[in-house]
Amino acid sequence: MAVRQVVTPPHPILRQRARPVTHFGIELQQLIDDMIETMHTAQGTGLAANQVAVPAQIIIVEMPLIESDAEPPPHADELFALVNPRIAWHSRDRVEGVEGCLSLPGIAGRVERYQQVRIQAQDRRGKKFRMRFKGWMARIFQHEIDHLRGVLFTDHIDGPENIWEITPGEEEQVEAEAAG
């Protein structure tokens, strides 16, 4: 496994649509392993392939357990590697939450997202599956799938009062507060 560089603006790949994955060979497996290592090293909760300069429809998601959680949320500490993911359904209910992004270090903002989503995807071996997520996990999946469409979380922010700078190290605190 290798840690890959996370790209930041103005890198053009962040605004490009990712291509569907059609081959599930060794190169894909290596990319997924590298993305997992990169996300863990950066202490993120999600990573899309285009964030490491690969225009492929792949996302990695893992919400860590937070020791202060009396009852951990469903799927906490579960690692997801999704290929060709899409939102097949979403609730009408939307909720506001604070987001940050590994490709936009030093920025956080308030974003409205669907409360629940159903994701259709393939696993790293190509097997199709569906899963339903709510709350913070639904938010992470929506954020990462947006990346595959060339959309950043800042595109959802409706006013300057809903975006602010954060200092290095605050990212974890922002994510923990948003998840709690």
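Taken together, the values in this text are just the output of simple stated rules run on the coordinates, not laboratory data. Note that the coordinates shown come from a computational prediction; the quantities given were computed from them, not determined experimentally. FYI the Cβ positions are ideal-geometry reconstructions off the backbone, even for glycines, and counts take in every protein chain you see.
Helix-only estimate, please: 222 nm mean residue ellipticity of the chain, summing -39500 (n - 2.57) across DSSP H runs of length 4 or more and dividing by its residues, to the nearest 500.
Helix contribution divided over all residues of the chain: -7500 deg cm²/dmol.
Taking other Cβ within 10 Å of each residue's Cβ, how do 103, 91 sort, fewest first?
Lowest to highest Cβ neighbour count: 91, 103.
Residue by residue, what Karplus-based ³J(HN,Hα) values in Hz, rounded to whole numbers, does the range 13-29 have, using 6.51, -1.76 and 1.60 with θ = phi - 60° and x for Gly and Pro?
Here the 3J(HN,Hα) series is 5, 5, 10, 9, 6, 6, 8, x, 8, 10, 10, 10, x, 5, 5, 5, 4 Hz.
Exposed loop sites here are GluC sites (Glu not before Pro) in DSSP loop states with at most 12 other C-beta atoms within 10 Å. What is the longest stretch of the chain lacking them?
The longest uninterrupted stretch comes out as 79-180.
How much net charge surrounds residue 142 when only other residues with a Cβ under 14 Å from its Cβ are counted (Lys, Arg +1; Asp, Glu -1)?
Neighbourhood net charge equals +1.
For 118, 113, what's the fewest-to-most ordering of other Cβ within 10 Å of each Cβ?
Neighbour counts put them in this order, fewest first: 118, 113.
Hey, rough spin-label estimate for residue 42 and residue 30, points 7 angstrom out along Cα→Cβ, what's it come to in nanometres?
2.1
How would you classify the chain from its alpha-carbon gyration tensor, with a ≥ b ≥ c the square roots of the eigenvalues: rounded for a/c under 1.5, else prolate if a/b is greater than b/c, otherwise oblate?
Rounded, since a/c falls under 1.5.
For a quick check, take a GNM of the chain with Cα springs below 10 Å and name the residue from 60, 145, 26 with the largest mean-square fluctuation.
Greatest mean-square fluctuation among the candidates belongs to 26.
Pull out the extension gain between residue 125 and residue 93, defined as 0.36 nm times the separation in residues minus the alpha carbon to alpha carbon distance; nm, one decimal.
8.2 nm
Read phi for every residue in the range 53-63 and hand back ³J(HN,Hα) as whole Hz from Karplus 6.51 cos²θ - 1.76 cosθ + 1.60, θ = phi - 60°, with x for Gly and Pro.
6, 10, x, 10, 7, 9, 10, 10, 9, 7, 9
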